[in-house]
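Engineer: Could you have a look at this structure, given as structure tokens, before my questions?
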Amino acid sequence: MTKTKLAFGPGVVVRSAVFRENRWFVSADGAGARSCPGCGEASASRHSWHLRRLQDLPIQGAPVVLELRLGRWRCLNEGCARKTFVERLTTAFPFARKTQRVSDLVRLFGHAAGGRTSEKLLARLAMPVSDNAILRQLKRHSSERRDRVPLRAIAIDDWSWRKGFNYGTIIVDLERRIVADVLETRSAKKTADWVKQHPEIEVVSRDRCGLYAQGVRQGAPQARQVADRFHLLQNLRESIERHMTRISRFAGRPQLPPTTGDRHAARRGECGHARQALFDRVSSLRASGKTFVDIAAQIGVDHRTVAKWIKTGFPLHRRRLALKPTSPLYFQEFLSRRWAEGDRVGRRLFHDLRHRGYTGSFSNLERLLSTWRAGSREKKQSEQQYRKFIEIPAVDPATGWQISPGHCRFSLHEADAATHARRER
């Protein structure tokens, strides 16, 4: 094969290309810079040869391995710590295993698709690279682009290596919207040590955790600490939820009376009696001189619950959960009005509730309507328990003839008496 220049970049001369093991092996000679990387002095004294293998762009769907023969030179500067060095090329970075153009493609794939997805795509494009190598390329590029511009406003927050076990710290430059640094641990000491290295910091945005507040006070007392908008809204939401959980009336959870035919009313009554009996036992044990911990261990209730009962003087009842659009009772007023108007078809009511925001199931609605239907049947049966009346013709007691074509209403008792009187005559 004829020697070709500039086929793989400046300073690379191809000697041969062989296809084996399902890939191309290209042998080439490199002629790079002969200046010592330690002192910068040029050298003309060759020490030996150095073979370097680099992954390059594929050829016709087959991977390519570039085998470069580079010269190793002696450093003639006696004051330099290096004795020998290898020629440096612009085709690849020092100690890299890929050419620069392959590294750029790997970085772009990793930035767009991530590690494992990019690994599969690059393997299909005949550039096999592991997912870890892709991530290392992204980190290396980020560290190279990181400039030494002073940090004025930063944000500090934690992130989890493994949620619930190991946490680290991430520091973001708010003005440039880039990650300034990542710490392996989450501690006030590490945060203070890092902030001390940047005395130019003026503003620190953080969450409401006291750990980072302590670290910033120790490392940068001149910096102004502020709470970011995300954590302020998060704390507001948590406070509202906590407040609504404690106060049922203002949380939109009215104490609804049990509906007619409620099959859970008896169970709730039994639970209330059981809690009252348990409270009586707690009171008797407390009167005998037992401590809260001893009472809790004996009856199986938390000692804080025992303390609340003794302090209030009565057992605290559990509050009913807040009604949600998944429950038909959330639309009880609408259902009661439609039920009173005579509309008692489940499918029709379910269709109307869906338009009003109901997100529950039809079976859940039917369970509520079945209790209402059972209550209606019981009411109807109770009304039918009154004395029954029959309609009989009106007759003359003396002759037994019908007085008029109309009918009068008599009770069964009166009808039996009239019949008995006719028989006696």
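The values are calculated or read from the model by the stated rules, or taken from the named source; none is laboratory data. In this text the structure is predicted, and so the values were computed from the model without any measurement. Positions of Cβ are backbone-derived with ideal geometry, glycine not excepted, and every protein chain shown enters the neighbour counts. Surface areas here come from the heavy atoms of the whole protein model, side chains and all, with no ligands, DNA or RNA. Shrake-Rupley method; radii C 1.70, N 1.55, O 1.52, S 1.80 Å.
Engineer: Can you say whether SER187 is touching a residue at least 12 places away in the same chain (Cβ under 8 Å) and over 28 Å from TRP24 (Cα atoms), as far as the supplied structure shows?
Structural biologist: yes
Engineer: Return the pairs, sorted by first residue and then second, in which the second residue is assigned to a loop (DSSP other than H, G, I, E, B) and at pLDDT below 90, the first residue lies in the range 99-120 and is more than 14 Å from LEU135 (Cβ to Cβ), the beta carbons are less than 6 Å apart, and the residues are 6+ apart or on different chains.
Structural biologist: Every condition considered, the pairs that remain are THR99/THR91; THR99/ALA92; GLN100/ALA92.
Engineer: Scan the range 320-361 for residues that are of a type in the set (Gly, Ala, Ser) and within 20 Å of MET244 (Cβ to Cβ) and jot them down.
Structural biologist: ALA322, SER327, GLY357
Engineer: Of the residues GLU238, GLU202, which is under 20 Å from ALA180 (Cα atoms) and open to solvent by 50 Å² or more (accessible area, probe 1.4 Å)? Walk me through how you get there before you give the answer.
Structural biologist: Numbers: GLU238 fails: under 20 Å from ALA180 (Cα atoms).
Of the residues listed, the single one that is under 20 Å from ALA180 (Cα atoms) and open to solvent by 50 Å² or more (accessible area, probe 1.4 Å) is GLU202.
Engineer: Then there is this: Select from the range 217-235 the residues that are among the polar types (S, T, N, Q) and assigned to a helix (DSSP H, G or I) and write down the one among them that is surrounded by the most Cβ atoms within 10 Å (Cβ to Cβ).
Structural biologist: Step one: filter the range 217-235 for residues among the polar types (S, T, N, Q), giving 218, 222, 225, 234-235.
Imposing the further condition that a residue be assigned to a helix (DSSP H, G or I) reduces the set to 218, 234-235.
Working: GLN218: 15, GLN234: 13, ASN235: 13.
That would be GLN218.
Engineer: For the condition open to solvent by 60 Å² or more (accessible area, probe 1.4 Å) and over 53 Å from the mean Cα position of the chain (by Cα), what is the one hit in ARG34, ARG53, ARG23?
Structural biologist: Values: ARG53 fails: over 53 Å from the mean Cα position of the chain (by Cα); ARG23 fails: over 53 Å from the mean Cα position of the chain (by Cα).
Residue meeting the stated conditions: ARG34.
Engineer: Could you tell me whether ALA126 is open to solvent by less than 30 Å² (accessible area, probe 1.4 Å), of a type outside the set (D, E, K, R) and assigned to a loop (DSSP other than H, G, I, E, B)?
Structural biologist: Spelling it out, ALA126 is indeed open to solvent by less than 30 Å² (accessible area, probe 1.4 Å), of a type outside the set (D, E, K, R) and assigned to a loop (DSSP other than H, G, I, E, B).
Engineer: Do any residues in the range 60-85 that are within 14 Å of HIS50 (Cβ to Cβ) and of a type in the set (Gly, Ala, Ser) have Cβ atoms under 6 Å from those of residues that are at pLDDT below 90 and outside any loop (DSSP other than H, G, I, E, B), where the two are at least six apart or on different chains, and which pairs are they?
Structural biologist: Close Cβ pairs (under 6 Å, with a partner that is at pLDDT below 90 and outside any loop (DSSP other than H, G, I, E, B)) amount to GLY71/ARG46.
Engineer: Okay, next question. Suppose we filter PHE93, PHE109 for residues that are touching a helix residue (DSSP H, G or I) at 6+ places or on another chain (Cβ under 9 Å) and part of a loop (DSSP other than H, G, I, E, B); which single one remains?
Structural biologist: PHE93 is the lone residue from the list that is touching a helix residue (DSSP H, G or I) at 6+ places or on another chain (Cβ under 9 Å) and part of a loop (DSSP other than H, G, I, E, B).
Engineer: Working only within the range 190-216, note down all residues that are free of Cβ contacts under 8 Å to residues at least 24 places away in the same chain and assigned to a helix (DSSP H, G or I).
Structural biologist: GLY210, ALA213
Engineer: Tell me, please, whether a residue that is of a type in the set (A, V, I, L, M), without any contact (Cβ under 8 Å) to a residue 24 or more places away in the chain and part of a strand (DSSP E or B) can be found in the range 31-53.
Structural biologist: Taking every residue of the range 31-53 in turn, at least one turns out to be of a type in the set (A, V, I, L, M), without any contact (Cβ under 8 Å) to a residue 24 or more places away in the chain and part of a strand (DSSP E or B).
Engineer: So, one more: Name every residue in the range 253-301 that is modelled with pLDDT of 65 or more and either of a type in the set (Ser, Thr, Tyr) or part of a loop (DSSP other than H, G, I, E, B) (or both), in order of residue number.
Structural biologist: Of everything in the range 253-301, those that are modelled with pLDDT of 65 or more and either of a type in the set (Ser, Thr, Tyr) or part of a loop (DSSP other than H, G, I, E, B) (or both) turn out to be SER283, SER284, SER288, GLY289, LYS290, THR291, GLY300, VAL301.
Engineer: If the Cβ limit is 7 Å and pairs must be 6+ apart or interchain, which residue in the range 333-345 that is without any contact (Cβ under 8 Å) to a residue 24 or more places away in the chain pairs with which residue that is in a loop (DSSP other than H, G, I, E, B) and among the charged types (D, E, K, R)?
Structural biologist: Partner pairs satisfying both residue conditions: PHE334/ARG356.
Engineer: Could I ask something else about it? Could you list, in sequence order, all residues of the range 9-44 that are more than 15 Å from ARG88 (Cα to Cα) and modelled with pLDDT under 85?
Structural biologist: Selection gives VAL14, ARG15.
Engineer: Further, regarding this structure: So how many residues does the range 156-186 have that are buried (at least 17 other Cβ atoms within 10 Å of the Cβ) and not hydrophobic (A, V, I, L, M, F, W, C)?
Structural biologist: Going through the range 156-186 one residue at a time, the tally reaches 4.
Engineer: Spot the failing condition for LEU138; the list is (1) open to solvent by 30 Å² or more (accessible area, probe 1.4 Å); (2) part of a loop (DSSP other than H, G, I, E, B), and only one is missed.
Structural biologist: Condition (2) is where LEU138 drops out.
Engineer: It is to be established whether one or more residues within the range 362-375 are loosely packed, with under 14 Cβ neighbours inside 10 Å, without any contact (Cβ under 8 Å) to a residue 24 or more places away in the chain, out of contact with any helix residue (DSSP H, G or I) (no Cβ under 8 Å at 6 or more places or on another chain) and not in a helix (DSSP H, G or I).
Structural biologist: Looking for residues that are loosely packed, with under 14 Cβ neighbours inside 10 Å, without any contact (Cβ under 8 Å) to a residue 24 or more places away in the chain, out of contact with any helix residue (DSSP H, G or I) (no Cβ under 8 Å at 6 or more places or on another chain) and not in a helix (DSSP H, G or I), one finds none in the range 362-375, hence no.
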